[in-house]
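Working notes for the structure below.
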Amino acid sequence: MGSLKGKDILHGNQFSKRDIDTIIKNASYFEKELKKKKALNLLEGKILATLFFEPSTRTRLSFEAAMQRLGGGVISLGSVESSSVAKGETLTDTVRTASQYADVIVIRHPRTGSAREAAEAVSTPIINAGDGTGQHPTQALLDIYTIYKELGSLKNLVVSIIGDLKNGRTVHALVELLSLYQTQFYFVSPGALRMPEEITSNLTQRGIKIEETEDMLKATNASHLIYMTRIQKERFTDLSEYERVKGSYIIDEAFLKKLKKKITILHPLPRVDEISTEVDDYPGAAYFRQMRNGVFVRMALLAMVLEGIP
Amino acid sequence: MGSLKGKDILHGNQFSKRDIDTIIKNASYFEKELKKKKALNLLEGKILATLFFEPSTRTRLSFEAAMQRLGGGVISLGSVESSSVAKGETLTDTVRTASQYADVIVIRHPRTGSAREAAEAVSTPIINAGDGTGQHPTQALLDIYTIYKELGSLKNLVVSIIGDLKNGRTVHALVELLSLYQTQFYFVSPGALRMPEEITSNLTQRGIKIEETEDMLKATNASHLIYMTRIQKERFTDLSEYERVKGSYIIDEAFLKKLKKKITILHPLPRVDEISTEVDDYPGAAYFRQMRNGVFVRMALLAMVLEGIP
Amino acid sequence: MGSLKGKDILHGNQFSKRDIDTIIKNASYFEKELKKKKALNLLEGKILATLFFEPSTRTRLSFEAAMQRLGGGVISLGSVESSSVAKGETLTDTVRTASQYADVIVIRHPRTGSAREAAEAVSTPIINAGDGTGQHPTQALLDIYTIYKELGSLKNLVVSIIGDLKNGRTVHALVELLSLYQTQFYFVSPGALRMPEEITSNLTQRGIKIEETEDMLKATNASHLIYMTRIQKERFTDLSEYERVKGSYIIDEAFLKKLKKKITILHPLPRVDEISTEVDDYPGAAYFRQMRNGVFVRMALLAMVLEGIP
């Protein structure tokens, strides 16, 4: 990609292995700087706008924390009801508005493709924080950073991805990035929530080894890492289908006891029932560390997009 | 006015031509400083409180961006439902509260006269960001700044103001300010949404030339500038009246083709249908530049109110 | 307590007289610094997270102002509807999330004990900003600071506490702290809203003189200070009971005329009808000054918790 300065971050597939190495290096740098308890002022005088048209805690708060940790300011659309969207404004006009006030825009919107549409409307850099069932690339990057830190390397891993693989935009971008590193995948889901065929066929064509299964234990025992996802109620139009599949895959102490060796567990959170709280103290449970890594990765991305740090 | 330090900004008519010159000069200064990409710290340690009792995107976000661009901080009431207003608190008590925490307060409230009422309750400077169908003076000032930048002068202009002239608080303050500069006005609206009689008679008494018409094309062809406004659904109690008049005045490519010369187009936004998106690339379409100017003008006003810059 | 660095602030009873003296000294220091109009940067690079699961204006805004007055940044959960809580997340997980992003967390939640539960889940300092009918210790501390400033001393005071003493978490913590200073109390309330028996019996056992009465005038005439509270509609499940008791205790000009001497009046606000606005200009009406003191006390607490200032 060369410099990220002034660029949009829209899709997992825009990053090469070399780009990812750079992002990991910069995230690691900011993580160390924060440990020194230094106030950073790299983005002093800069403004981030957060436009969230869907509920969010983690993504919005970690972007806002990242911006302020670098000395920048934040403006936030707030709830849709209290903004001009309630007056019938189009997404494009709202984004154009934010682009007049801010130096970078983070957007989450229920429509797939909305972030790209926003990026086409303005020259201000757009960061996609989730577009419907599409992509959520900064989540994938923080997942990659977490895997790198937890396992020491990204190469030749066996990874089980579990849960709602159909609607889970998080895992779509993650698979995209991990596949650059000769990862071997187990896709573990109920039949109705399988990984979309365009993703599996693309992986297969590129010689990536994948196996689709409903057997979580077998996949886990063969993996270095499992990536759990929530069965997202808000993605279902038929609630009876949701009720039928939601309890399919659950990690609890009973499950951990069946494992042959320690496993590293990631989850983008929020969780509902799919990881029991009794698992939280398990050494491989990395999902809270994963959240914290989100701040470092987003600091790196903001600094790269706004200041072009190499 | 002398110095604006510690003063309220409540109504368009509080500003003389000389005041407006000063505001334009200061807005222009901050616009240049931001282009140099310098972080400014004039308002470091100061706090702005934003109290919006009605939906807003542009006004709130641009004030919050302006404050932070000058190094200051922001506290925001948020939605009415999540604040003490839900516990039955009066406007005056809410404003008194904010005045204990902040150095300047920006308020939008549906009741005409509410900003003045707030200003009488506290010594902290109050900036009126819209009081019902009353005034919205900072919008008028950013409009003036935009006209000055787009046309090079404020003197002897012919201006068409189009749309809902009855309920449009934005245009009431704008007409007030423009009338100081020998402006000649066309007021273009459906009969039910005409400019209030107290405004037209005041202009006429002062020798300002006005013409009320329903003919948008004739008015536009005779003008240097058109100022479009949205027919605001939320101002109607009778929705059938809204449906009848909303499509009356629309600018699209077909309309532009009928014009004899290039025209400058302003709009306070948000728009719904009254300016087609196909007009956005027209060189005279100044409404996005107008929004950006809002930050510079509000930086000037905040600096003048809080620090008394000359 | 020794240093407050890294500690939680959960309950009024965690503070000794010596702790309170330190907090008063630090609040007074920051009050003076702000009068010098200096921008402070003690907490530069630090982040406060505000998690309010119930409506609030004063507490949230004054914490956010306090943090920014010290140079720090703020992230805020916003309304519950727009956060992951809407996706079914537990309180503990939400708090764990905030603890990954912020250096200190302020929480208000309707469930008694929730703040302690949050504090047990994370090592990041938790400040309780109200847990149901439980505690609200920073309000009690700002009340104490206000009494100290208004009356010049905390020792040997006679204090009337009036209104909803059953559900008023504010007064529970205040009574706890004031009882350290040989205060004599009048508890003035309708029968249904009396001070909980565990509090009165604890005071009596410790030799604190208390009198429960429904006679506001008698109590006031015997006191240095009255502390009014709102009859909180949102605490009633039976609205007819609310309607019956809400008008029981009201301070207006007529009441003031019956007093034998000037009285100091505090109220945590918001008020509804229990203090008439005609009382606001009465010299003893200290409730707006009390609000402002909230910023200084919260600056002191944030600085003590985050930087361990002595």
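The values are calculated or read from the model by the stated rules, or taken from the named source; none is laboratory data. Keep in mind it's a predicted model, so treat the numbers as computed, not measured. Ideal geometry is used to build each Cβ from the backbone, glycine not excepted, and the neighbour counts take in all protein chains shown.
Points worth noting:
- Filter pass, residue A:17 being in contact (Cβ under 8 Å) with a residue 40 or more places away in the chain and away from every other protein chain (no Cβ under 14 Å): yes
- Residue within the range B:285-306 that is surrounded by fewer than 17 Cβ atoms within 10 Å (Cβ to Cβ), out of contact with any Leu (no Cβ under 7 Å at 6 or more places or on another chain) and more than 14 Å from chain A (Cβ to nearest Cβ) present: no
- Of all residues making up the range B:153-164, the number that are within 16 Å of residue B:133 (Cα to Cα) and surrounded by fewer than 24 Cβ atoms within 10 Å (Cβ to Cβ): 0
- Selection within the range B:240-249 - part of a helix (DSSP H, G or I), touching a helix residue (DSSP H, G or I) at 6+ places or on another chain (Cβ under 9 Å) and within 14 Å of chain A (Cβ to nearest Cβ): B:242
- Filtered by the rule that a residue be in contact (Cβ under 8 Å) with a residue 40 or more places away in the chain and not acidic (Asp, Glu), the range B:176-188 gives B:177, B:180, B:181, B:188.
- Just one of the listed residues (B:78, B:72) is under 20 Å from residue C:69 (Cβ atoms), within 14 Å of chain A (Cβ to nearest Cβ) and touching an Asp or Glu at 6+ places or on another chain (Cβ under 8 Å), namely B:72.
- Residue check for residue C:179: under 16 Å from the mean Cα position of the chain (by Cα), within 25 Å of residue C:138 (Cβ to Cβ) and of a type in the set (Gly, Ala, Ser): yes
- Scanning the range A:225-257 for residues that are of a type in the set (Val, Ile, Thr) and touching a Pro at 6+ places or on another chain (Cβ under 8 Å) yields a total of 2.
- For the range A:195-216, the criterion of being touching an Asp or Glu at 6+ places or on another chain (Cβ under 6 Å) and assigned by TED's automatic domain parsing to the domain that holds residue A:276 is met by no residue.
- Some residue of the range B:48-58 being part of a helix (DSSP H, G or I) and closer than 17 Å to residue B:143 by Cβ: yes
- Taking the criterion of being over 22 Å from residue B:17 (Cα atoms) and either surrounded by 14 or more Cβ atoms within 10 Å (Cβ to Cβ) or in contact (Cβ under 8 Å) with a residue 60 or more places away in the chain (or both), the residues of the range B:193-212 that qualify are B:193, B:194, B:195, B:211, B:212.
- Some residue of the range A:88-99 being within 12 Å of another protein chain (Cβ to nearest Cβ) and basic (Lys, Arg): yes
- With respect to (1) of a type outside the set (Gly, Ala, Ser); (2) free of Cβ contacts under 8 Å to residues at least 60 places away in the same chain; (3) under 21 Å from residue A:142 (Cβ atoms), the lone exception for residue A:215 is condition (3).
- You will find that of C:264, C:229, C:220, the residue that is out of contact with any Leu (no Cβ under 7 Å at 6 or more places or on another chain) and not basic (Lys, Arg) is C:229 and no other.
- On the stretch given as the range B:102-131, residues that are out of contact with any strand residue (DSSP E or B) (no Cβ under 7 Å at 6 or more places or on another chain) and within 13 Å of residue B:91 (Cβ to Cβ) total 6.
Per-residue answers, yes or no, for (1) at pLDDT below 95; (2) surrounded by 21 or more Cβ atoms within 10 Å (Cβ to Cβ); (3) in contact with a helix residue (DSSP H, G or I) (Cβ under 9 Å, 6 or more places away or on another chain):
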{"position": "C:7", "(1), (2), (3)": "no, no, yes"}
{"position": "C:12", "(1), (2), (3)": "yes, yes, yes"}
{"position": "C:16", "(1), (2), (3)": "yes, no, yes"}
{"position": "C:24", "(1), (2), (3)": "no, no, yes"}
{"position": "C:49", "(1), (2), (3)": "no, yes, yes"}
{"position": "C:55", "(1), (2), (3)": "yes, no, yes"}
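- Single condition residue C:167 does not satisfy, out of (1) closer than 30 Å to residue C:93 by Cβ; (2) modelled with pLDDT under 95; (3) of a type outside the set (A, V, I, L, M); (4) more than 17 Å from the chain's Cα centre (by Cα): (4)
- Residue count for the range A:276-306, restricted to those that are within 30 Å of residue A:67 (Cα to Cα) and β-branched (Val, Ile, Thr): 3.
- Total residues in the range B:134-164 satisfying the condition of being over 28 Å from residue B:6 (Cβ atoms), modelled with pLDDT under 95 and within 17 Å of the chain's Cα centre (by Cα): the figure is 2.
- Selection within the range A:40-69: residues that are within 12 Å of chain B (Cβ to nearest Cβ), touching a residue at least 12 places away in the same chain (Cβ under 8 Å) and under 22 Å from the mean Cα position of the chain (by Cα). The member of this set that is nearest to residue A:309 (Cα to Cα) is A:67.
- Looking at C:268, C:310, just one residue is at pLDDT below 95, more than 10 Å from chain B (Cβ to nearest Cβ) and in contact with a Ser or Thr (Cβ under 6 Å, 6 or more places away or on another chain), and that residue is C:268.
- Applying the criterion of being basic (Lys, Arg) and not assigned by TED's automatic domain parsing to the domain that holds residue B:108 to the residues of the range B:1-39, the residue that is farthest from the chain's Cα centre (by Cα) is B:5.
- Residues that are of a type in the set (A, V, I, L, M) and closer than 26 Å to residue C:137 by Cβ do not occur anywhere in the range C:239-250.
- Per-region count, the range C:197-237, residues part of a loop (DSSP other than H, G, I, E, B) and within 14 Å of chain B (Cβ to nearest Cβ): 5
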